[in-house]
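The values are calculated or read from the model by the stated rules, or taken from the named source; none is laboratory data. None of the values given here were measured: they were computed from a predicted structure. Don't worry about glycine lacking a Cβ; one is built from the backbone with ideal geometry, like all the others, and counts go over all protein chains shown.
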Amino acid sequence: MRKTLLQPAAVFAAIALAFCAAAPAYAHFGMVIPSKPTVTDAADSQVDFDIKFWHPFENNGMTLAKPVSFKVYSDGKATDALADLKEKKTGDLVTWSYSWKAARPGVAAFVLEPQPYWEPAEDKFIIHYTKAYVDAFGDDEGWNEPLGIKTEIVPRAKPGGVYAGNTFVGKVLLDGKAVPNGEVEVEWYPGPDRKGDAPSESMVTQVTLTDENGNFAFTPPAPGWWGFAALNDADYKLKSDGQDKDVELGAVLWVYFHEFRPSEAAQ
Ligand SMILES: [Cu+2]
C-alpha cells in the first residue's frame, strides 16, 4: 500500500524537477517587493521594486515573462507603469525592477498582472495578481479599500503598521466577492541573498484557510516580508498544446512585519 503511494510521488517529483528550476514541492509566488514599506523622509523618497515569480522561502524561481500590466493605485486612480519596468537577470532568470518616488502623503498600491505561466508539473496555468502597499509621509489611509482587480487580498489590518508577532488579517476577493473556506499559502521571503531553512517541506509553505466571510488571519513569528497567496481555480480554461487546462488564480499580497524594538526610541 505504502509503496504504491510513494511511486506516483516519486514520478511527480522527477517531472517537476525537469521543468521547475528548483525543489518542486515549494509554492510559487508572484513577488512585488518594495525596498521600503514606508517613506518618511523626502530626501529618501525613492522606492525600488524587485518583481519576480519565485519560491520565496527557498529564494529561487522562474523566469517572469513581460507582465500584462503593472499598475500604481494612488489618489483613487490607477496608472499603468508597465513601460517603466526594467528587465534584469537574477542568476539566469528574468526578473524585473521598477523605481518610484513618493511625491505626496498617501498610500499607494502596486499591482502586477503577469502573463499566464504554464506549469507542466502541476498541469495548469498560474496567474498571480500580486500586490504590495507603500505609505508615505504619515498618511496611511485607504488601504482597506478593494482595488477592483480580478482577485485580491484586501487588508483588514493596516499593512504599513504591523510588527512580527502581530496577527495579520486579510479578506480574499475573487471577482469582487468574498471567498469562503479558501486556501491561503504563506511564505517568508528571507531577502535577496538568503534562503530559509525549515525543519520539513511542510514548514516552507504554511497554509491557512479563510472563514465563511472570506477572512483569514496569520501571525508571522519573525520580521521581514511575508507573502500571502490566496489560490482559486478560474472559471475558464486556457489551451496548452491544443488542450484545455485549468488556470490557478492567485491573489498575492506582500506585507512587511517590523521587528518590535520599543526601547530604541528611548535611547
Ligand atoms: Cu516553480
Would you confirm, using the coordinates I've provided, whether Lys89 is more than 16 Å from the ligand (Cβ to nearest atom), outside any loop (DSSP other than H, G, I, E, B) and under 29 Å from Val207 (Cα atoms)?
no
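Is it true that some residue in the range 8-27 is at pLDDT 95 or above, within 16 Å of the ligand (Cβ to nearest atom) and surrounded by 20 or more Cβ atoms within 10 Å (Cβ to Cβ)?
No, the range 8-27 has no match at all.
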Any chance you could count how many residues in the range 32-46 are touching a residue at least 40 places away in the same chain (Cβ under 8 Å) and either within 16 Å of the ligand (Cβ to nearest atom) or over 13 Å from the mean Cα position of the chain (by Cα) (or both)?
8
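Taking the range 187-211, which residues are within 29 Å of Glu145 (Cα to Cα) and buried (at least 20 other Cβ atoms within 10 Å of the Cβ)? Let's see the steps before the verdict.
As a first pass, look at the range 187-211 and keep what is within 29 Å of Glu145 (Cα to Cα): 187-191, 205-211.
Glu187, Trp188, Tyr189, Thr205, Thr210, listed by residue number.
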Report, by residue number, each residue of the range 80-115 that is free of Cβ contacts under 8 Å to residues at least 40 places away in the same chain and of a type in the set (Lys, Arg).
Lys86, Lys88, Lys89, Arg104
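Can you give me the ranges of the strands (runs of 3 or more DSSP E) entirely in the range 165-267 with at least 3 residues that are touching a residue at least 24 places away in the same chain (Cβ under 8 Å), more than 22 Å from Asp123 (Cβ to Cβ) and under 14 Å from the mean Cα position of the chain (by Cα)? Give the derivation first.
Values: elements: 168-174, 183-189, 206-209, 215-218, 224-233, 238-240, 243-258.
Hits in the range 165-267: 183-189, 224-233, 243-258.
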Can you pull out the residues in the range 47-56 that are among the aromatic types (Phe, Trp, Tyr) and either under 15 Å from Asp84 (Cα atoms) or away from the ligand (no atom under 12 Å from the Cβ) (or both)?
Phe49
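Take the residues of the range 92-105 that are crowded, with 18+ Cβ neighbours inside 10 Å and assigned to a strand (DSSP E or B): which is nearest to the ligand (Cβ to nearest atom)?
Here is the first cut: in the range 92-105, the ones crowded, with 18+ Cβ neighbours inside 10 Å are 95-96, 98, 100, 102.
This time we only want the ones that are assigned to a strand (DSSP E or B), so: 95-96, 98, 100.
Details: Thr95: 14, Trp96: 17, Tyr98: 22, Trp100: 28 Å.
Among them, the one singled out is Thr95.
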Take the range 124-141 and flag every residue that is among the acidic types (Asp, Glu) and crowded, with 17+ Cβ neighbours inside 10 Å.
Asp135, Asp140
